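The values are calculated or read from the model by the stated rules, or taken from the named source; none is laboratory data. All of these numbers come straight from a predicted model, not from anything done at the bench. Using ideal geometry, Cβ is built from the backbone for each residue, glycine included, and neighbour counts are taken over all protein chains shown. Protein only, heavy atoms only, side chains kept; ligands, DNA and RNA dropped before computing areas. Shrake-Rupley method; radii C 1.70, N 1.55, O 1.52, S 1.80 Å.
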Amino acid sequence: MGTLWQDLRYGLRTLSKTPGFTLAAVLALSLGIGANSAIFSVANAVLLRPLPYHEPERLVMIYGNLFKPGLDEIGASPPEVKDYREQAHVFERLACYTEGGFNLSGEGEPERISGAFVSADLFPVLGVGPFVGRTFNVEEDQPGSDQVVVLSHKLWQRRFNADPGVVGKSIGINGKSLTVIGVMPAGFQFPDSEIEIWKPLALDAEDWSENSRGSHYLNVIARLKPGVTQAQAQTEVQNIAERIRQQHSENYDNGFGAKIVSRHEQVVGQIRPVLLILLGAVGFVLLIACANVANLLFARAATREREMAIRTALGAGRGRIIRQLLTESLLLAVAGGALGLLLALWGVDLLVALAPNDIPRLGEVGLDLRVLGFTVMVSLVTGVLFGLAPALRLSKPDLQESLKDGARGAGEGFRRQRMRNLLVVSEVALSLVLLIGAGLMIRSFIQVQKISPGFNPERVLTMRLSLPQSKYAEPQQQRAFFRQLVGRVEALPGVESVGAVNFLPLSKTGNMWSFAIEGRGNAVGPNLNFRMISPDYFRTIGIPLKRGRQLTEQDREGAPPVAVINETMARTFFPGEDPIGKRLKLASESSPFPWLSIVGVVGDVRHYGLDEEAKPELYVSYLQPLLPNFNVSSLFLAVRTGAEPAGLTAAVRKEVAALDKDQPIADIKTMEARLSDSVAPRRFNMLLLGIFAALALALSIVGIYGVMSYAVTQRTHEIGVRMALGAQTRDVLRLVVGQGMILALAGVALGLVGAFALTRVMTSLLFGVSPSDPTTFALVAIVLAAVALVACLIPARRATRIDPMEALRYE
């Protein structure tokens, strides 16, 4: 222990005598370690930390498969849930739920909040009890007895000031008075962080009947019995699905299957590839930082050869010298780790601020003991990694050469430089891989941005209104409310037009229907997106009319039923013919829906994302009910203005309150903001990978510059001799730049091979670009070579200014 303290004190004194070297090494390491700690903190929260439920590894989701396009992973119908409950023996308990929205009114401004309708056994399945009060019992999960709610901890604090007396009180939900029976603990999230209230599912006899077997709207979660594996559960639910198909073949014409997915995989499965790629990227940055510091240590070694030779001559063993040098390396690494942890604290906040909202468990991201332990481990491993090779070299000095009076390290030569050269080649290769990855992401983002969304997002304000069934039970009341609201908003100063639709563009949602075309027999689908709109919707949102006419105010109740389709539907189902005048019907020819005459064709809209192909779509007027009880209680309002649209929010809210003071407005955004949000995940991935690639490039260029600058210093005597013998400036430039560019081009060649192999893992993140895109590979290689050339030219120009007389006396 005494010698350890001696090594530490000596190491601190040695590093303090070379503040420039120490600062450069610590900064390089802090950048690499800080980036790793920041990304690991996200991976830790999202991927590694257990879900906040009791024994979460036993929680699984059950999905159905109808073996039709887009229907290979769907929810369950109530009769299917009943079948699973009665026939499955691998589950301890099974629950179901569906998400929904609630209008919260009463004290304060009315508010639209996200919630879920859940079966009574959901909370026992999750193994989480309430913070205050209780959760639902079986009796409350029945129609008529479901007038109770459970609040999230966040809503309880935000809306009710964390009042424990809220349990037992009545609150206004969707126009009804419901009783609060419990509050969930802080940090509880299900099914996601947006959910703030839970209400009993309370399915009635008709829901459970065989007539509902085709309504796959329930999510199913179950807890495996102790000792039961996921594979065993998969086998059993697949057998149950096969029995369901055989007993109810009329409902499953294409077959029926079931799939088990762990709850953890269902939550984080989509984000895992991105985080693993980012972890790999910051790992590369750390390796480059280590190579940089190792090069600094090699350069410093030349000035310490005499010191180590004297220590050896006085009896110090090789192991003792290696321990001393590794102690100094570890001191650098610890200092870099401490500074890196401070950078990670800032970096985590920046990551959370930049991250798109669809990253799961984002609110849990932070620095905890696991992240601290990771940082300490990385720091120690890094210290050994960059310090070992220089320590091994210095621990075996040439005593005769090193102890000569006036000996110089100018004669290092290529053999003693090869390790430094190898490190530079490795730095360039790693940075090239990162730069190509970033280049592919940038090109993908540019390709996505080039795609037209199919509408004009400029100066359009949007918001959602959902009318409670208790107050607007009849569709006529719902249509009357929206008709009045559209008229009132149209009259506001600065408003050019107003439209309404049940699902906005880029919302990634819609109603998928089967349909039948008159005279063609069997129904097609379900692959038709059905959208209800107001007469002025196309003009407001900027969707162009391609053929025929738009929907008008005359297309209302009592008028012949009409519809407008998009170009994809016209091209897919009416190839080579004019669809105007053709008729189709939702569901099937025998359904109660009326035949709809096609009166117009509009342009395609990217409803599911800019990188998703447009799907067949059918537009009908919400003023023209397809069935007497056709619900239109939830619509988005779109307002096109002549100025900044956000300024209209207060005026629109006032008009809504004038019609119904308890009616909230939700999801207020401009269409430009929605368009930006739709590409936010790609922007986030591109930005982070670009930052790490730029950091790697900077470290690599510093490494090239450092090696070449050191080489010029070491070869000062040689350059002086060459110049004394008649070498010209261009000869010296060629000598120095040539040596540097050989290293850089070797790194580029190695990096191209590595990138060709590694960019395959990015395939799922790219759009419109191949992972081996030759343009990206060539451009990045040229740019990196050009930057390396600049890094070589600076020390080369310094070499051309060497005075031969001074150089010949250089020692």
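R556 accessible area, nearest 10 Å², 1.4 Å probe? Approximately 80 Å² for this residue. Remark on the chain: Rg and Dmax equal 34.3, 109 Å (Cα only).
In the chain, Cα pairs under 8 Å separated by at least six residues give a relative contact order of 17 percent. Once the other residues with Cβ under 15 Å from the Cβ of H248 are scored (Lys, Arg +1; Asp, Glu -1), what is the net sum? Net charge around H248: -3. Phi-derived couplings, Karplus 6.51 cos²θ - 1.76 cosθ + 1.60 at θ = phi - 60°, listed residue by residue for segment 56-67: x, 5, 8, 8, 9, 9, 10, 10, x, 9, 9, 6 Hz, with x used for Gly and Pro.
Electrostatic bookkeeping for N527 treats Lys and Arg as +1 and Asp and Glu as -1; over the other residues with beta carbon under 10 Å from its beta carbon, the sum is +2. Inter-label distance, T572 to Q477: 3.7 nm, where each label sits 7 Å from its Cα along the C-beta direction. For a straight C-alpha distance cut-off of 14 angstrom, the aspartates and glutamates reachable from K259 (same-chain residues fewer than eight places away being disregarded) are D72, E73, E80, E236, E242. Dipole check for the chain: with +1 at the C-beta of Lys and Arg, -1 at the C-beta of Asp and Glu, and the Cα centre as origin, the magnitude is about 3520 Debye. Between V138 and Q238, what FRET efficiency comes out of the Förster formula 1/(1 + (r/R0)^6) with R0 = 41 Å and r the beta carbon distance, rounded to 0.05? Given R0 = 41 Å and the Cβ-Cβ separation, E is 0.90. At full extension, E86 and E612 could sit 185.4 nm farther apart than now, given 0.36 nm per residue minus the alpha carbon distance. Other residues lying with their Cβ under 14 Å from the Cβ of S700 contribute a combined charge of 0, Lys and Arg counting +1, Asp and Glu -1.
Each of P453, L430, L440 was scored by the projection of its Cα onto the charge dipole of segment 413-458, and the greatest displacement toward the positive side belongs to L430; charges sit on the C-beta of Lys, Arg, Asp and Glu. Could you tell me how far the Cα centroid of segment 253-292 sits from the Cα centroid of segment 506-566, in Å? That distance is 39 Å.
Given a 1.4 Å probe and the protein chains as shown, S170 ends up with an accessible area of around 70 Å². Computed from the C-beta positions of T729 and I446, the FRET efficiency with R₀ = 35 Å rounds to 0.25. Our coupling estimate for segment 83-88, obtained by passing each phi through the Karplus curve with A = 6.51, B = -1.76, C = 1.60 and θ = phi - 60°, is 4, 4, 5, 7, 9, 7 Hz, Gly and Pro reported as x. Listed values for segment 14-27 are Karplus-derived 3J(HN,Hα) couplings in whole Hz (6.51 cos²θ - 1.76 cosθ + 1.60, θ = phi - 60°), namely 5, 5, 5, 7, 10, x, x, 4, 4, 5, 4, 5, 5, 5, and x replaces Gly and Pro.
For the set K508/K615; K546/K582; K176/K654; K176/K199, the pairs lying more than 20 angstrom apart at their alpha carbons are K176/K654.
The amide H of F91, built 1.01 Å from its N in the peptide plane, has K225 as neighbours under 5 Å, considering only residues 5 or more places off or on other chains. With R₀ fixed at 45 Å, the C-beta to C-beta distance from M512 to S772 puts the FRET efficiency at about 0.80. R479 sits with roughly 10 Å² accessible to a 1.4 Å probe, with DNA, RNA and ligands left out of the calculation.
Segment 442-501 and segment 202-219 have their alpha-carbon centroids 31 Å apart. In segment 139-265, with Lys and Arg counted as +1 and Asp and Glu as -1 at Cβ, which of these residues, A205, S262, A162, has the Cα nearest the positive end of the dipole, that is, farthest along it? Projecting each Cα onto the dipole axis, the largest value belongs to A162. When +1 charges are put on Lys and Arg Cβ atoms and -1 charges on Asp and Glu Cβ atoms, the dipole computed for segment 121-248 relative to its Cα centre reaches about 380 debye.
In this structure the amide hydrogen of K615, modeled in the peptide plane, comes within under 5 Å of the amide hydrogens of H607, none closer than 5 places in sequence on its chain. If you sort S16, S590, S145 by accessible surface, 1.4 Å probe, largest first, the order is S590, S16, S145. Entry note, segment 688-786: relative contact order of 27 percent, from Cα contacts under 8 Å with a spacing of 6+ residues.
Toward the positive end of the charge dipole of the chain, about the Cα centre and with charges on Cβ (Lys, Arg +1; Asp, Glu -1), which of G603, F386, I541 goes farthest? Among G603, F386, I541, the one farthest towards the positive end of the dipole of the chain is F386.
In this Cβ point-charge picture (+1 for Lys and Arg, -1 for Asp and Glu), segment 454-563 has a dipole of about 200 debye about its Cα centre.
Max-minus-min Cα coordinates of segment 435-537 on each principal axis give 58, 51, 28 Å, with the largest extent listed first.
Normalising the average separation of contacting C-alpha pairs (under 8 angstrom, six or more residues apart) by the number of residues puts the relative contact order of segment 183-286 at 18 percent.
Segment 62-84 and segment 593-663 have their alpha-carbon centroids 29 Å apart. Computed from the C-alpha gyration tensor, the three semi-axes of the ellipsoid equivalent to segment 121-215 are 25, 16, 12 Å, from longest to shortest.
If each DSSP helix of 4+ residues adds -39,500 (n - 2.57) and the sum is divided by the residues in the chain, what number results at 222 nm, nearest 500 deg cm²/dmol? Estimated from H runs of four or more residues: -16000 deg cm²/dmol.
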